[in-house]
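Novice: Just dropping this structure here.
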């Protein structure tokens, strides 16, 4: 998903905070600024949210009860990611630092320093031995989450790097950037293997298909684009949507894709058909989106400080 500095609505939240989001979902209330990223614990019973109030909040799911608040960042938190075994939680921030937490007790385990600007996104490899990061300093980096050491700076985008995602087998890493490119990196060889061109504006999110054969990307050109991960060739594009895209999530069965936008438009896409299954509009900008573990709901984070559960129509 992600991450174009401070969204404009960050400055206008006080005008909408008292409004009611009429969507019939549960309310995860606690943040005091916009919610910019979401991540489910692998067990499915805990949700982490990243807030521009400098905190990470952990919630019981689906009750929405707040479990604990993780404090330590000194700037807006842009991303959160659980390790595959659920023993670690990584977060990244405007303060240029990646932090590794124990989600069980909320303790800060280590800080990963090296980026020279906002760290927009972090992602664990499928085996949990690597952590990838994307930053406004343009770089894409690999880290050892066990000791906090930087393994290698893989390379750079021409402008800010906004998002990273591993393939399911961990062999490839995709990154998205403000240079309107998706770059593909060979994780083992530690090098870029191809660059995907087609978006007409910043690419804000990227994810691999469940079988690893395709890559999905979203951007400010308002399209979802599908690529062949083996050769980087475009397969199809879906859209355009009514607003700039910030959030992207793949269902656990790999059959559908959800996107969220700056103006609150939510789309549920049929990947095989290449067209929307459903779409609806929420009252507030939706900067992040995730499927619930059972696939029956979507969870979104908003600039009214809340997270909401919306049943999939």
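The values are calculated or read from the model by the stated rules, or taken from the named source; none is laboratory data. Everything quoted here is computed from the prediction, not taken from an experiment. Positions of Cβ are generated from backbone atoms using ideal geometry, with glycine treated the same way; all protein chains shown enter the neighbour counts.
Novice: Do we find a residue being within 17 Å of residue 229 (Cβ to Cβ) and either touching a helix residue (DSSP H, G or I) at 6+ places or on another chain (Cβ under 9 Å) or modelled with pLDDT of 95 or more (or both) anywhere in the stretch 109-123?
Specialist: yes
Novice: Let me ask something else. Does residue 102 qualify as being closer than 24 Å to residue 43 by Cβ, in contact (Cβ under 8 Å) with a residue 12 or more places away in the chain and surrounded by fewer than 15 Cβ atoms within 10 Å (Cβ to Cβ)?
Specialist: For residue 102, the condition - closer than 24 Å to residue 43 by Cβ, in contact (Cβ under 8 Å) with a residue 12 or more places away in the chain and surrounded by fewer than 15 Cβ atoms within 10 Å (Cβ to Cβ) - is met.
Novice: Considering only the stretch 156-167, I want to know if a residue exists there that is at pLDDT 95 or above, closer than 19 Å to residue 212 by Cα and not in a strand (DSSP E or B).
Specialist: Scanning the stretch 156-167 turns up at least one residue that is at pLDDT 95 or above, closer than 19 Å to residue 212 by Cα and not in a strand (DSSP E or B).
Novice: May I pose another question? So is residue 80 surrounded by 15 or more Cβ atoms within 10 Å (Cβ to Cβ) and in a strand (DSSP E or B) or not?
Specialist: When the stated conditions are applied, residue 80 passes them.
Novice: While we're here: Would you confirm whether any residue within the stretch 119-126 is surrounded by fewer than 20 Cβ atoms within 10 Å (Cβ to Cβ) and either within 18 Å of residue 37 (Cβ to Cβ) or within 17 Å of the chain's Cα centre (by Cα) (or both)?
Specialist: Within the stretch 119-126, one or more residues are surrounded by fewer than 20 Cβ atoms within 10 Å (Cβ to Cβ) and either within 18 Å of residue 37 (Cβ to Cβ) or within 17 Å of the chain's Cα centre (by Cα) (or both).
Novice: The conditions are (1) surrounded by fewer than 19 Cβ atoms within 10 Å (Cβ to Cβ); (2) touching a strand residue (DSSP E or B) at 6+ places or on another chain (Cβ under 7 Å); (3) assigned to a loop (DSSP other than H, G, I, E, B), and residue 87 fails exactly one of them. Which is it?
Specialist: Residue 87 satisfies all of (1) surrounded by fewer than 19 Cβ atoms within 10 Å (Cβ to Cβ); (2) touching a strand residue (DSSP E or B) at 6+ places or on another chain (Cβ under 7 Å); (3) assigned to a loop (DSSP other than H, G, I, E, B) except (2).
Novice: Moving on to the next point. Of all residues in the stretch 31-48, how many are closer than 20 Å to residue 287 by Cβ and out of contact with any strand residue (DSSP E or B) (no Cβ under 9 Å at 6 or more places or on another chain)?
Specialist: The qualifying residues number 0.
Novice: What is the one condition in (1) crowded, with 17+ Cβ neighbours inside 10 Å; (2) touching a strand residue (DSSP E or B) at 6+ places or on another chain (Cβ under 8 Å); (3) outside any strand (DSSP E or B); (4) modelled with pLDDT of 95 or more that residue 227 does not satisfy?
Specialist: So residue 227 meets the others, but not (3).
Novice: Any residue that is part of a strand (DSSP E or B), crowded, with 24+ Cβ neighbours inside 10 Å, within 14 Å of the chain's Cα centre (by Cα) and modelled with pLDDT of 95 or more - is there at least one of those in the stretch 276-286?
Specialist: Yes: one or more hits.
Novice: Residue 148 is checked against (1) at negative phi; (2) not in a strand (DSSP E or B) and fails just one. What number does that condition carry?
Specialist: (1)
The rows are residues; the columns are (1) touching a strand residue (DSSP E or B) at 6+ places or on another chain (Cβ under 8 Å); (2) under 27 Å from residue 33 (Cβ atoms).
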{"position": "211", "(1), (2)": "no, no"}
{"position": "217", "(1), (2)": "yes, no"}
{"position": "238", "(1), (2)": "yes, no"}
{"position": "241", "(1), (2)": "yes, yes"}
{"position": "252", "(1), (2)": "yes, no"}
{"position": "255", "(1), (2)": "yes, no"}
{"position": "266", "(1), (2)": "yes, yes"}
{"position": "282", "(1), (2)": "yes, yes"}
{"position": "294", "(1), (2)": "no, no"}
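Novice: Would you point out the residue of the stretch 182-209, among those that are under 17 Å from the mean Cα position of the chain (by Cα) and more than 17 Å from residue 126 (Cα to Cα), that is surrounded by the most Cβ atoms within 10 Å (Cβ to Cβ)?
Specialist: Of everything passing the filter in the stretch 182-209, 203 is surrounded by the most Cβ atoms within 10 Å (Cβ to Cβ).
Novice: Further question on the same structure: So residue 62 fits all but one of (1) surrounded by 19 or more Cβ atoms within 10 Å (Cβ to Cβ); (2) over 23 Å from residue 30 (Cβ atoms); what number is the exception?
Specialist: Result: residue 62 fails condition (2) only.
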